[in-house]
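This report refers to the structure that appears directly beneath it.
The values are calculated or read from the model by the stated rules, or taken from the named source; none is laboratory data. Just so it is clear, the structure is predicted and the values come from calculations on it, not from any experiment. So basically every Cβ, Gly included, is an ideal-geometry build from the backbone, and we count neighbours across all protein chains shown.
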Amino acid sequence: MLTQAPKGTSDILPAQSGKWQYLESLFRDICSRYAMKEIRTPMFEHTELFVRGVGDTTDVVEKQMYSFDDLAGRNITLKPEGTSPAVRAFVENGIYAETQPTKLYYITPCFRYEKMQKGRYRQFHQLGTEIFGSASPMADAEIVSIAADMFEALGMKEIELRINSVGCPECRAKHREALKAFLADKFDGLCDTCKGRYNKNPMRILDCKSKECQKLVEGAPMMLDYLCDDCKDHFEEFKSIITDMGIEYVVDPWIVRGLDYYTKTAFEFVSTKEMAQGTVCGGGRYDNLIEQVGGPSTPGVGFGMGIERLLLLLGEEGIALPEDEGVDYMIITMGDEARGYGAGLARKLRRAGKSVQMDMMGRNFKNQFKYANKIKAKNTIIIGEDEVKTGSFSVKNMATGEQTSVSADEIDKL
Ligand code: HAM
């Protein structure tokens, strides 16, 4: 146990962290083009926030939260998602009183006690975006466009945007009744979970993974057919804007999303390959959430993109992210004096922004060379007695073998 990470968690090892940093900085870069600002919220919140925000009939709240009492008896939950904490911060800090919209992004670990499988973990990481304060379908379109930009920048082709509208509480109530009526004589055939959902949240039955339930919902009434005029107009405008933006999509009337706060637009980016966990990004609009957690009535829209799933899909498509490029210089030294001189030179180069390695394992000259190859040093600098005396040395370009002589006063030019 002592040397085993808890089930559903993984270390991001030095050999992989470069890929993570690459994805994170690409995401930051794309978000900044949309004038989004980063928000960092705590790893844990009062449990009540997620019960109210995500919804107490969702799988996340019913079965998957890491909740505990702290030493003062407060009920605390490790964040299972990033939207509710961002909303809480928006309300608590009075950001709603500033000029709107508020455009946010975050990179955060999330925690859900899930059944472990490929692409489904207990600690996973999300790249997330939220726009608060705009009810316009322009906001939905910008959110979708950020995710589309990410996939395009990564060269991903086998991915599809699926969109739907889950309506507002008014039109959803009508759909709910129609759905219940449709399922009434099929109730006995539903799985136990869906029997529980029938009264509490029948729309979630449409999303059940059980084959029996999937059969029973065939031909069920679709939310799209029940949209009120306002929700219908919003959906039409959203489609028209993303079409103008050059973003391809398919309408998938069966997208219901696993969290309760959604209204109107719901969308997912899904792998076109047959995969167990092919949904790499999910999001949508949530016009009642901010009010529900105690803020003024404020619309919102956003997405969460799973970094682990993104890496899985990149692997499936055979897309390699830029590799570790190796250090700029390895300084190879012979003797104590040379080592001191080399250390001084290394510091100068590092201050000038170069990456430099020196031996600290007591390797002999030959092994320092071997090590330089292993760490993919782009250049080597050899320092011996002569170099210390004259202050000059030669730099060898490891790719071309070309050697350049550098005198002491030329170091700044390296
Ligand atoms: P979500 O669909 O629950 O939405 O999660 C978003 C993404 O996080 C998923 O599409 C998936 O890539 C990743 N993900 C979720 N659970 C796991 C897991 N157990 N293991 C690995 N990856 C996972 C939300 O969380 C919403 N907060 C998204 C949102 C933001 N909606 C509006 N704004």
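Checking I375 against (1) touching a strand residue (DSSP E or B) at 6+ places or on another chain (Cβ under 7 Å); (2) closer than 29 Å to G155 by Cβ; (3) buried (at least 16 other Cβ atoms within 10 Å of the Cβ), which single condition isn't satisfied?
Of the numbered conditions (1) touching a strand residue (DSSP E or B) at 6+ places or on another chain (Cβ under 7 Å); (2) closer than 29 Å to G155 by Cβ; (3) buried (at least 16 other Cβ atoms within 10 Å of the Cβ), the odd one out for I375 is (3).
Considering every residue within segment 131-152, establish whether at least one is at positive phi, in the same structural domain as T263 (by TED's automatic domain parsing) and within 15 Å of the ligand (Cβ to nearest atom).
Yes, segment 131-152 contains at least one residue that is at positive phi, in the same structural domain as T263 (by TED's automatic domain parsing) and within 15 Å of the ligand (Cβ to nearest atom).
Please determine whether any residue of segment 361-373 is assigned to a strand (DSSP E or B) and not aromatic (F, W, Y).
Scanning segment 361-373, I find no residue that is assigned to a strand (DSSP E or B) and not aromatic (F, W, Y), so the answer is no.
How about segment 153-174: which of its residues are over 23 Å from A86 (Cα atoms), among the aliphatic types (A, V, I, L, M) and either within 14 Å of the chain's Cα centre (by Cα) or within 15 Å of the ligand (Cβ to nearest atom) (or both)?
Answer for segment 153-174, where residues must be over 23 Å from A86 (Cα atoms), among the aliphatic types (A, V, I, L, M) and either within 14 Å of the chain's Cα centre (by Cα) or within 15 Å of the ligand (Cβ to nearest atom) (or both): L154, M156, I159, L161, I163.
If I filter segment 182-219 down to residues being within 17 Å of K63 (Cα to Cα) and outside any helix (DSSP H, G or I), which single residue comes out as farthest from the chain's Cα centre (by Cα)?
Among those residues, the one meeting the criterion is C191.
Being within 9 Å of the ligand (Cβ to nearest atom) and either closer than 20 Å to P101 by Cβ or free of Cβ contacts under 8 Å to residues at least 60 places away in the same chain (or both) is true for just one of G295, G283, G246. Which residue is that?
None of the others qualify; the one that does is G283.
Of the residues that sit in segment 108-130 and are farther than 19 Å from A276 by Cβ and hydroxyl-bearing (S, T, Y), which one is farthest from the ligand (Cβ to nearest atom)?
Top of the filtered list is T108.
Let me spell it out: the conditions are (1) buried (at least 21 other Cβ atoms within 10 Å of the Cβ); (2) aliphatic (A, V, I, L, M); (3) away from the ligand (no atom under 16 Å from the Cβ); (4) in contact (Cβ under 8 Å) with a residue 60 or more places away in the chain, and M223 meets all of them except one. Which number is the exception?
(4)
Run Y105 past the list (1) farther than 30 Å from E237 by Cβ; (2) more than 10 Å from the ligand (Cβ to nearest atom); (3) at pLDDT 95 or above; (4) not aliphatic (A, V, I, L, M) and report the number of the one that doesn't hold.
Here Y105 clears every test but (1).
Which residues, taken from segment 308-324, are out of contact with any Asp or Glu (no Cβ under 7 Å at 6 or more places or on another chain) and part of a loop (DSSP other than H, G, I, E, B)?
Within segment 308-324, G318, I319, A320, L321, P322, E323, D324 meet the criteria.
E218 fails exactly one of the following numbered conditions: (1) farther than 20 Å from M305 by Cα; (2) surrounded by 17 or more Cβ atoms within 10 Å (Cβ to Cβ); (3) of a type outside the set (S, T, N, Q). What is the number of that condition?
(2)
Any residue that is buried (at least 17 other Cβ atoms within 10 Å of the Cβ) and within 19 Å of I163 (Cβ to Cβ) - is there at least one of those in segment 173-192?
yes
If S32 meets every condition in (1) in a loop (DSSP other than H, G, I, E, B); (2) of a type in the set (S, T, N, Q); (3) free of Cβ contacts under 8 Å to residues at least 12 places away in the same chain apart from one, which number is that one?
The single condition S32 does not satisfy is (1).
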